[in-house]
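All remarks here apply to the structure that follows.
Coordinate-derived values only; no laboratory data. What you see is a predicted model; the values in this text were computed from it and never measured. Counting neighbours? That spans all protein chains shown, and the Cβs are built from the backbone with ideal geometry, glycine included.
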């Protein structure tokens, strides 16, 4: 019996050498040479107006909330089917999350349901690009424009993925990326803030630098720096940046291999989709995804649980994902749980993710597909 993990972290081979160079430089705090290299590579990949490396994607979301002046009493529209970091950044500043349902084909926010959620208190929309598949950003940005709202993209899963040839995270006012160990390109714990509104760049640097104007001091624009705004310690150490710099060197190769694996799964399983055994994710033709996740909808919680057990018995690690945020205890505490979001609720109970990583072999994928066929042959 084969043993197939859900994920396997990629290593370029240059990580240790970069870390050694960082240590030998004697400069281990944030803001060093490797951080500059990472930001330049992220800018080149995304074409954002500015890219600021952060300690995590959560940190990038936190900075975004500050830059958009989210305050107590404000409302922010977000999909319920997402990781808690998306909502925490706004809730920590006193805003009320307004949860929106998602679409079953992508698990992205259902843009057709956003406008009905807007009130005079709405301050921003934060779409989440699930699995590296772009939300319908043209429609979302048009809704935001008509209602004078900020758009804060949670592109945690979206590095090296595009919507109509625009990198995810660069379409709204602000975007956040993750380089967590569960992502395609990793640094353990790390993220980046993409700033697309030029008027926010200077303040973004201040917020990231603990609320000080240190960057202006480093650039020689002032003779000393001081506390001028809200902020916190959002800059990663040079060790983390050194690791990430090595990963960014192979980002395209990692993405290409994952996409090839995603396409192989799809080709092998599309007949089961067509025959109604399950439903595969449907990627719009104008979205170039990064194959971060390969999921299927088993239609019922009972079938999903049975399938998950069947795969586990064959050494295959398959996983469900988020609990809808509106169903969580904290949502009740914040007074935002009294909503019915049927798609998010159902998909949380019926969706299953298959193993996918850049080094997965066709033999491993064939083993997964054979196990799936064996399960449905017995149904």
Hydrodynamic calc, the stretch 136-193: Kirkwood Rh from Cα pairs, then Stokes-Einstein at 10 °C with viscosity 1.306 mPa s, so D in µm² s⁻¹ is 132 µm²/s
Note on the chain: contact order normalised by length, alpha-carbon pairs under 8 Å, 6 or more apart, percent, works out to 23 percent
The exposure ranking of 63, 356, fewest beta-carbon neighbours within 10 Å first, is 356, 63
Given all pairs of distinct Cα atoms, the stretch 251-377 yields a Kirkwood Rh in Å of 16.0 Å
The stretch 305-363, convex hull of Cα, quarter of hull surface, nm² -> 5.8 nm²
Computed over the chain, the Cα gyration tensor eigenvalues, each multiplied by 5 and square-rooted, give semi-axes in Å (largest first) of 35, 27, 16
For the stretch 44-186, the Debye formula with one identical point scatterer on each Cα and no solvent gives log10 I(q)/I(0) at q = 0.13 Å⁻¹ as -0.49
Over its alpha-carbon atoms, the stretch 231-281 yields an Rg and a Dmax in Å of 18.9, 54
Relative contact order of the stretch 251-377 (C-alpha contacts under 8 Å, at least 6 apart) in percent is 34 percent
Taking 308-315, 188-195 and ranking on average Cβ neighbours within 10 Å, highest first, one gets 188-195, 308-315
Expressed in angstrom and rounded, the centroid-to-centroid distance over alpha carbons for the stretch 82-159 and the stretch 174-226 is 22 Å
Taking Cα pairs closer than 8 Å and at least 6 residues apart, the relative contact order of the stretch 188-301 in percent is 17 percent
Among 247, 61, 363, the residue with the largest mean-square fluctuation in a Gaussian network model of the chain built from Cα contacts under 10 Å is 363
Footprinting proxy, 343, 368: sorted fewest to most Cβ within 10 Å, the residues are 343, 368
Which of 67, 53, 244 fluctuates most in a GNM of the chain (C-alpha springs under 10 Å)? That residue is 67
Of 351, 35, 330, the most mobile residue in a GNM of the chain (C-alpha springs, cutoff 10 Å) is 330
Stretched fully, the stretch from residue 17 through residue 338 gains (0.36 nm per residue minus C-alpha distance, one decimal, in nm) 110.3 nm
DSSP beta bridges in the chain: the antiparallel percent, rounded to 5, is 60 percent
Expressed in angstrom and rounded, the centroid-to-centroid distance over alpha carbons for the stretch 2-38 and the stretch 321-379 is 31 Å
Residue separation between residue 1 and residue 273 times 0.36 nm, minus their alpha-carbon distance, gives in nm 95.3 nm
In nanometres, the difference between 0.36 nm per residue of separation and the alpha-carbon distance of residue 29 and residue 44 is 3.0 nm
Projected convex hull area of the stretch 81-149, Cα atoms, direction-averaged, in nm², equals 4.6 nm²
Rounded to the nearest 10, the angle in degrees between the Cα long axis of helix 251-274 and the longest principal axis of the Cα atoms of the chain comes to 30 degrees
